[in-house]
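A short worksheet on the structure shown next.
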Amino acid sequence: EAEVAQSPRYKITEKSQAVAFWCDPISGHATLYWYRQILGQGPELLVQFQDESVVDDSQLPKDRFSAERLKGVDSTLKIQPAELGDSAMYLCASSPRKGAGWTEAFFGQGTRLTVV
Amino acid sequence: AQRVTQPEKLLSVFKGAPVELKCNYSYSGSPELFWYVQYSRQRLQLLLRHISRESIKGFTADLNKGETSFHLKKPFAQEEDSAMYYCALSRTGGFKTIFGAGTRLFVKA
């Protein structure tokens with residue numbers, strides 16, 4: 001069964017350092033999402049791609065966060081510099097259809113980031 | 001503004017008892033509502049969506065536009081239902097899905 005792959009599963013970094021997360025969506029899925037989930041809260045959308053284009057990044061702290069999906073397939077989320085408050089689970093999800101009609105979002109296992 | 005509220009952080013019931021996980025939303029248009037579930041050590045996955053009007057694992061949820069609610073119900077809880085449940089809302093077309101804070105359901109033997 002196809003799954004969304006994320007790496008690394010765990011990351012510990014010092015504050016002010018740069019950190020990057022990688023996501024490989026299910027093959028053929030046009031839509032890719034990055035969510036941040038702080039302990040005790042629900043997932044918060046950071047950025048949404050449709051193919052290689054960003055369709056929503058209104059909640060992305062653009063002074064330190066960046067995301068790309070250059071070929072419309074896999075994606076990288078970067079934080080530079082990391083801050084203590086960035087400690088969270090970073091979830092990637094993908095869904096197969098763009099445009100009208102919702103389709104199910106398939107989630108990866110997530111990357112747990114700890115900033116020390 | 002879009003908002004999803006799950007008022008209970010933890011819900012504990014006995015096996016065989018009915019269970020209802022509450023979800024209220026605020027949205028100015030016609031939303032699509034979902035319930036996602038995360039079992040221990042597993043990834044977040046879709047449980048059901050309101051447009052399907054389906055029953056999954058004995059769970060149902062009815063969209064009440066008048067009360068802006070989408071409560072999740074099951075008549076007889078099972079131990080394997082113990083998990084974290086998230087209510088989610090999206091505009092038609094799947095853009096910017098937002099999640100509630102989640103309710104942890106614990107079903108006691």
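Would you kindly derive the ³J(HN,Hα) couplings of the stretch A:58-75 from the backbone phi angles with the Karplus curve 6.51 cos²θ - 1.76 cosθ + 1.60 (θ = phi - 60°), listing them in order in whole Hz, with x for Gly and Pro?
Once rounded to whole Hz, the list reads 5, 9, 8, x, 6, 6, 10, 9, 9, 9, 9, 8, 4, 9, x, 10, 7, 9.
To the nearest 20 debye, what is the magnitude of the charge dipole of chain B about its Cα centre, counting +1 on the Cβ of each Lys and Arg and -1 on the Cβ of each Asp and Glu? List each step's numbers first, then the result.
Numbers: 16 positive and 9 negative charges, 47 e Å.
Here chain B has a charge dipole of around 220 debye.
Under 29 Å Cα-Cα from B:LYS22, which lysines qualify once same-chain neighbours fewer than 8 residues away are excluded?
B:LYS9, B:LYS57, B:LYS65, B:LYS73, B:LYS74, B:LYS96, B:LYS108
Semi-axes of the equivalent ellipsoid of chain A: what are they in whole Å, largest first, if each equals the square root of 5 times a C-alpha gyration tensor eigenvalue?
Numbers: eigenvalues 109, 40, 33 Å².
That gives 23, 14, 13 Å for the three semi-axes.
Springs between alpha-carbon atoms under 10 Å, Gaussian network over chain B: tell me which of B:PHE59, B:PHE99, B:PHE14 tops the mean-square fluctuations.
B:PHE14
Compute the Kirkwood hydrodynamic radius of the protein assembly as shown, taking the inverse of the mean of 1/r over all pairs of distinct Cα atoms, and give it in Å to one decimal.
Numbers: mean 1/r = 0.0553 Å⁻¹.
About 18.1 Å for the protein assembly as shown.
Cross-link partners among lysines for A:LYS71, C-alpha distance below 20 Å, same-chain residues fewer than 8 apart left out?
Within reach: A:LYS98.
Just want the answer: with Cβ charges of +1 for Lys and Arg and -1 for Asp and Glu, which residue in A:VAL54, A:THR31, A:TYR10 is farthest toward the dipole's positive end in the stretch A:1-110?
Result: A:TYR10, furthest along the dipole toward the positive end.
Taking all pairs of distinct Cα atoms, average 1/r, flip it, and tell me the Kirkwood hydrodynamic radius of chain B in Å to one decimal place. All intermediate terms of the calculation are to be shown ahead of the outcome.
On the way: mean 1/r = 0.0718 Å⁻¹.
For chain B, inverting the mean 1/r across all distinct Cα pairs yields 13.9 Å.
Every number in this text was worked out from the coordinates using simple rules, so none of it is lab data. These figures come from a predicted structure and were not determined experimentally. Cβ coordinates were reconstructed from backbone atoms using ideal geometry, including for glycine residues, and neighbour counts include every protein chain displayed.
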